[in-house]
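**Student:** Here it is: the structure, laid out below.
The values are calculated or read from the model by the stated rules, or taken from the named source; none is laboratory data. Values in this document were obtained by computation on a predicted structure and should not be read as measured data. All Cβ positions, glycine included, derive from the backbone under ideal geometry; neighbour counts span all protein chains shown.
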Amino acid sequence: MPRSGDAELMFALCGRLLRSVPPPCAPAGAAWFLLALLCWAVPAWSAQSPLGAGAGSPAAGLAPATKAQHPPAAASPAAPPQQAGQPAGHRAAIIVGGDRDYPPYEFIDRDGHPSGYNVELTKAIAEVMGMKVEFRLGAWSEMRTALQNGSVDVLEGMSYSEQRLSEVDFSLPHAIVNHAVFARKDSPRVNSLEELQGKTVAVHRAGIMHDFLRKQGFTGKLVLTDTPADALRQTAAGKTDFAIVAIVPGMYIIRELKLSNLIPVVRNVASHRYCYAVDKGNEELISRFNEGLAILKKTGQQQAIYEKWLGVLEPAPIEWHIVAKYAAIVVVPLVLLLGGFALWSRTLHRQVALRTADLTREIAERRHAEEELLLNQQQLVQADKMAALGILVSGVAHEINNPTGLILLDLPVLKRAHQDAVPILESYFEENGDFMLGGVPYSEMREEIPRLLDGMQEGAQRIKRIVHDLKDFARRDDAGDKVASDLNQVVQTALRLVEPTIRKATAHFTTDFGVGLPRFQGSGQRIEQVVLNLVLNACQALSDREQGIAVSTRLSADTQRLELKVQDQGGGIAPEHLARLTDPFFTTKRESGGTGLGLSVSAGIVKDHGGTLVFDSAPGRGTTVTLSLPALRETTAPSLDSMEWNT
C-alpha cells in the first residue's frame, strides 16, 4: 500500500481543491479526482507489494536462498577476492563471512548475491565508517572455521554465549534471535525443552542451539544438518521428531518451501543476542563495527533496516485481473470527460504545486521543531539526574558531617587528657623503665601519641571542609542570581572536590593563581561546574601519571577579561572533532560512559555569563582550554599567591 503520509497529503490537497471548484463543475471535478487517485494509488500499491518488489526487497530474493542446492561460498562483487589466509592488514577489503542459507538474516538471492538484514546492515556500517567490505557466504560451520584460520575477518551474525567468548570477541547486539521448537501437526504437543529428552531433534550444525543443547547435557538424539532448512525438511519428512530453529527463519522457510505440515509448538525456548564476531583479540576491528552500529542506531537507519527485513510482513499481493476489471469500469466514463477537463486540470496542477511547496516547508519546520524538542527533553532528563545526584550528595554529606563534628569536639579533650597524663607516665618511666602502652613500648609511643592526635584532628578538619564544599556544590542555584564572584576561590573549591581524581590521574599537577584579580559578575556555583568538567576531562585525557596538568588564572592583556587556562599533556583532539566539542551529545568516549552533554552544558553556562570557551589542541601535543569571563572593575578579589601541587 502507499505510505500513510503520502495518502494523507494527497487526500488533503485534492479535498481542498475540490471545495474550491464552482458548483457547475463539481461532477467533473469529482470524476477527475477519482481518475487521479486511481492513477496514483495503483502504481504506488503495486510497487510496494511483494510480487512487484525488486530483488532488493525481503520477499523477492528469499525463495532461491531457501531452495538452492547449497552452492559454494558466495562473494559480493563489491571488492576483488583475496587469497585465503592472507593477513587482514594487507587486504583491500574487510572480509565479512556469513551463512548462505539463513533468511531473512543472510542468504544468497536469485542473482547469486549476498542479501538479507545482516548484509544490508553491514553495508550501512561500512558506508558510515568509510570501510570497504567483501562478503563471503557459505555453510555456517565452514564460516566459523574460516574466522579461526583468518580466511574471513568478521562474521556478521553470531549468537552470543559465554562458551563462544573463549574463541571470539562480540560486538554490541544488533538483534535478538528467539528459537522455537517445530513439529508436525500430528505430533504430540510439548511445552518446554525438558519434554524433548529422549526424542530425535534436528538442529543446525555448529549453531547456537547445537552448542546450547550440548552444554545442557541433552539426552535425546541430535541430528545435525548443514542448514536450518535441512533441519525443517527432516522433521517434515518424519525423519526426526522435532527441529529447533530460530523462529523468524523457520517461518520464512516453511512458507517458501511450502512445508505446510510444520508448526511452531514452543515459540521461545531460548533467546540470544545477535552480534558481529571477530577472532579473539581483534579489538580494533570490533570497535569500528561497534562505533558504526552506534551511529546507525542514533540516526534510526538500523531500525529502518530491521523493520524492512524482520518487521511485520507485507500485505498480500494484488490480484491484477481484479484491478483491471474495476479500472475499466471507472476509466471508460472518465475518458469522455477529459476533453472539457484540460483547462481545469492545468489550474489544479499549478495549485497543487504551490500547496505542495507550502506543505513541504511546513513539514521541514515541524521536523526541525520536533528535533529541538527531543534535544530539550534529553537535556531535561540529564538535568533531572544531576539534580537527584545533588540531593543524594547533600544527604550523604549531612550524614558524614555529624560523626565528623563529634570527632572534632572530642579530640581537643583527648589531647588535654594526654597532656595531663604525660607527667605521670614520664615519672613511671623514669622509676620503672620502659613498659608497653597499647602494644607499643612507651619510649616510642610517647612521641607517636601527639602525632596521631594531630593527624586525626587534621583529617577530621579536611573531611569537614570537603563536606562543606559538596553541600555548597549541591545547593540549588538560580541562573538569574548573579553576584560579584572571586574566580580564584571558585577554582580552588572545584579543585578540592576532584582532588582524589587528580591524584589518581597524574603525579604532576600545578596551579598558578593570578594576584589581585578583579571579580566577575555571575554565579560562582555554575562556573565551578564548568571548572569541574574541564579538569575531569583533562584527567581522562592522560594515559599515564607522568603526564601533567596545569591550571592557571590571570587578567587579559587589555585588563578587560579574566582568563582560566586548563592544560593537559594527553593525546590531544583530532582536528575534525574540535568544531563539534560543544555540540549536544557529541562524544568520543561513549564506550566508557560519556554522554556528550558536559561541554555542551558548560558552553551554555559560559555564554550566559558573557564569556567564551576556546579549545586549542592537536594529536600528540595535549589540549589547552581557555575560559574567558568579563572582569568586574568596581571591586577586586583578595589576592592569592601562586602555588604548586605535587601529587
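**Student:** I'd like the full set of residues that are among the aromatic types (Phe, Trp, Tyr) and either in contact with a strand residue (DSSP E or B) (Cβ under 8 Å, 6 or more places away or on another chain) or free of Cβ contacts under 8 Å to residues at least 60 places away in the same chain (or both), limited to region 212-254. Spell out how you get there, then give the answer.
**Tutor:** Keep residues of region 212-254 that are among the aromatic types (Phe, Trp, Tyr), which gives 212, 218, 242, 252.
The answer is 212, 218, 242.
**Student:** In addition: Contact list please: Cβ distance under 9 Å, first residue in region 358-378 and outside the structural domain of residue 604 (by TED's automatic domain parsing), second residue part of a helix (DSSP H, G or I) and loosely packed, with under 10 Cβ neighbours inside 10 Å, pairs at least six apart or on different chains.
**Tutor:** 363/5
**Student:** Related question: Mind checking which residues of region 508-532 are within 30 Å of residue 571 (Cβ to Cβ) and buried (at least 21 other Cβ atoms within 10 Å of the Cβ)? If you could, list the steps in order and put the result at the bottom.
**Tutor:** Start the filter on region 508-532 by keeping residues that are within 30 Å of residue 571 (Cβ to Cβ), which leaves 508-514, 526-532.
Once the filter is applied, which keeps residues that are within 30 Å of residue 571 (Cβ to Cβ) and buried (at least 21 other Cβ atoms within 10 Å of the Cβ), region 508-532 yields 509, 526, 527, 528, 530, 531.
**Student:** Residues in region 463-480: is at least one at pLDDT 90 or above, more than 36 Å from the chain's Cα centre (by Cα) and among the charged types (D, E, K, R)?
**Tutor:** Of the residues in region 463-480, the ones at pLDDT 90 or above are none.
Checking region 463-480: not a single residue is at pLDDT 90 or above, more than 36 Å from the chain's Cα centre (by Cα) and among the charged types (D, E, K, R).
**Student:** When you scan region 229-317 for helices (runs of 4 or more DSSP H) that lie fully inside it, which ones turn up with 2 or more residues that are among the acidic types (Asp, Glu)?
**Tutor:** Values: elements: 247-257, 283-299, 301-310.
Filter on region 229-317 gives 283-299.
**Student:** A follow-up question, please. For region 534-562, enumerate the residues that are closer than 13 Å to residue 490 by Cβ and touching a residue at least 60 places away in the same chain (Cβ under 8 Å). Walk me through it before giving the result.
**Tutor:** Filtering region 534-562 for residues closer than 13 Å to residue 490 by Cβ gives 534-535, 551, 553, 562.
Answer for region 534-562, where residues must be closer than 13 Å to residue 490 by Cβ and touching a residue at least 60 places away in the same chain (Cβ under 8 Å): 534, 551, 553, 562.
**Student:** In region 427-442, what count of residues is obtained for those that are free of Cβ contacts under 8 Å to residues at least 12 places away in the same chain and assigned to a helix (DSSP H, G or I)?
**Tutor:** Initial filter on region 427-442 (free of Cβ contacts under 8 Å to residues at least 12 places away in the same chain): 427-428, 430-436, 438-441.
Filter once more, so that each one left must be assigned to a helix (DSSP H, G or I): 427-428, 430-432.
The total comes to 5.
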